[in-house]
1. So how many residues does the stretch 186-198 have that are under 16 Å from A241 (Cβ atoms) and either charged (D, E, K, R) or within 9 Å of the ligand (Cβ to nearest atom) (or both)?
2. Would a scan of the stretch 320-327 turn up a residue that is of a type in the set (F, W, Y), surrounded by 14 or more Cβ atoms within 10 Å (Cβ to Cβ) and in contact with a Gly (Cβ under 8 Å, 6 or more places away or on another chain)?
3. Any chance you could count how many residues in the stretch 76-110 are surrounded by fewer than 20 Cβ atoms within 10 Å (Cβ to Cβ) and part of a strand (DSSP E or B)?
4. Given Y150, Y178, Y165, which one is within 12 Å of the ligand (Cβ to nearest atom), in contact (Cβ under 8 Å) with a residue 40 or more places away in the chain and within 22 Å of A251 (Cα to Cα)?
5. Name the single residue that is farthest from the ligand (Cβ to nearest atom) among those in the stretch 199-251 being of a type in the set (D, E, K, R) and closer than 27 Å to S124 by Cβ.
6. Looking at the structure I just gave you, is N116 in contact (Cβ under 8 Å) with a residue 60 or more places away in the chain and not in a helix (DSSP H, G or I)?
7. For S170, state whether it is modelled with pLDDT of 95 or more and part of a loop (DSSP other than H, G, I, E, B).
8. Please identify the pairs in which a residue from the stretch 123-143 that is more than 9 Å from the ligand (Cβ to nearest atom) has its Cβ atom under 8 Å from the Cβ atom of a residue that is of a type in the set (S, T, Y) and in a loop (DSSP other than H, G, I, E, B), counting only partners at least 6 apart or on another chain.
Amino acid sequence: MKILVTGGLGFIGSHTVVELLNSNYDVIIADNLYNSKEEVLEKLEKIAGKKIKLYKYDLKDKSKVDKIFETEKDIEAVIHFAGYKAVGESVKKPLMYYSNNLISTTNLLEVMQKYNVRKFIFSSSATVYGDNGEIKYVETMGRGETTSPYGTTKAMIEKILEDLYFSDNSWNITLLRYFNPVGAHESGLIGEEPNGIPNNLMPYVMKVASGKLETLSIFGNDYPTIDGTGVRDYIHVVDLAKGHVKALQNAPDGLNTYNLGSGKGVSVLELITTFEKVNNIKLNYKIVDRRPGDLPEYFADATKALKELNWKTEKTIEDICRDSWNYEKNLEK
Ligand code: UFG
């Protein structure tokens, strides 16, 4: 079965390509290299021991999307990761986010319709639940008010996909809502490599651990949580990648939505302490003010994915800390 993975050289996309190849799917990648590097392709080929076809195309150009489907002929499903994803940048450049994320998605869907490819898996986010006063997010809660243009593009695309499905029930659409993806492949060859100074916790921890940045700022220690710091559901990217394979194999026909998370909340301080212990490294950190827009605590109710997809996370917070550091150390070499 041939699968088109858009954004297949990015953080989550690349790990998903590995798991798809491990499960003997035929994979082709579309990636415009906006937020990824071409050398990831060689690393993927090394891990998988197979050649992988890359279309260096921008999905905003519909004729290019058409060309992929015309050339490949027998694509059976699309896993759509490609999109801009920096929360802070999206607040500053909303139009860039709306036009890129929405146009590339509708182009893809229109071309799929033309070539009669009706299986679509969308890379969504727990951010679509918005600020709703709940701590444990369950799929039945529905979407809330999003807090960034990035989050709004995810919510809008979910809505577009729902409208599409209601117009034509022959589509099979799976919305996967990720919690906080972190970690790296155990080979140390692929992982997360944000441009510039990282905004997210784990990439920032890596830069402090490797001495590239001096001090980690903890955004607030006066939240109503276990130790006052923010609590999130961190999910190892390899577990997340396997969730996509399970969705491909086990999602029932129709339109289905799943949380992909561990079901467990971990505080910033707990993550730091685990990282220090597992890797035997001391991290410099200081407490600063809360970051605007951050919620105190949320994590996944992941029971639906277990029941319907037969998927759950297998890796621990210790694995996450070990594999992230292993990847970062490899970068130094
Ligand atoms: N944090 C720090 N210091 C840092 C970075 C983060 O203390 O330098 C804290 C945050 O306050 C939060 C936790 O670490 O409590 C996690 O923050 P991240 O930035 O790593 O992740 P977020 O939960 O804020 O972001 C995630 C996803 C986004 C999504 C967003 C909103 O990465 O894609 O949730 O739900 F949009």
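1. 2
2. Step one: filter the stretch 320-327 for residues of a type in the set (F, W, Y), giving 325, 327.
Narrowing the set further to residues that are surrounded by 14 or more Cβ atoms within 10 Å (Cβ to Cβ) leaves 325, 327.
Now narrow it down to the ones that are in contact with a Gly (Cβ under 8 Å, 6 or more places away or on another chain): 327.
Taking every residue of the stretch 320-327 in turn, at least one turns out to be of a type in the set (F, W, Y), surrounded by 14 or more Cβ atoms within 10 Å (Cβ to Cβ) and in contact with a Gly (Cβ under 8 Å, 6 or more places away or on another chain).
3. Count: 1.
4. On the way: Y150 fails: within 22 Å of A251 (Cα to Cα); Y165 fails: within 12 Å of the ligand (Cβ to nearest atom).
Testing whether each residue is within 12 Å of the ligand (Cβ to nearest atom), in contact (Cβ under 8 Å) with a residue 40 or more places away in the chain and within 22 Å of A251 (Cα to Cα) leaves just Y178.
5. Our first condition is that a residue be of a type in the set (D, E, K, R); within the stretch 199-251, this holds for 207, 212, 214, 222, 227, 232-233, 239, 242, 246.
Next cut, closer than 27 Å to S124 by Cβ only: 232-233, 239, 242, 246.
Values: R232: 5, D233: 9, D239: 16, K242: 20, K246: 22 Å.
Only one residue fits best here, namely K246.
6. Numbers: in contact (Cβ under 8 Å) with a residue 60 or more places away in the chain: no; not in a helix (DSSP H, G or I): yes.
Against the criterion (in contact (Cβ under 8 Å) with a residue 60 or more places away in the chain and not in a helix (DSSP H, G or I)), N116 does not qualify.
7. When the stated conditions are applied, S170 passes them.
8. Listed by first residue and then by second, the contacts come to D131/T147; E134/Y298; I135/Y298; K136/Y298; Y137/Y298.
The values are calculated or read from the model by the stated rules, or taken from the named source; none is laboratory data. In this text, all values refer to a predicted model and were calculated from it rather than measured experimentally. Cβ coordinates were reconstructed from backbone atoms using ideal geometry, including for glycine residues, and neighbour counts include every protein chain displayed.
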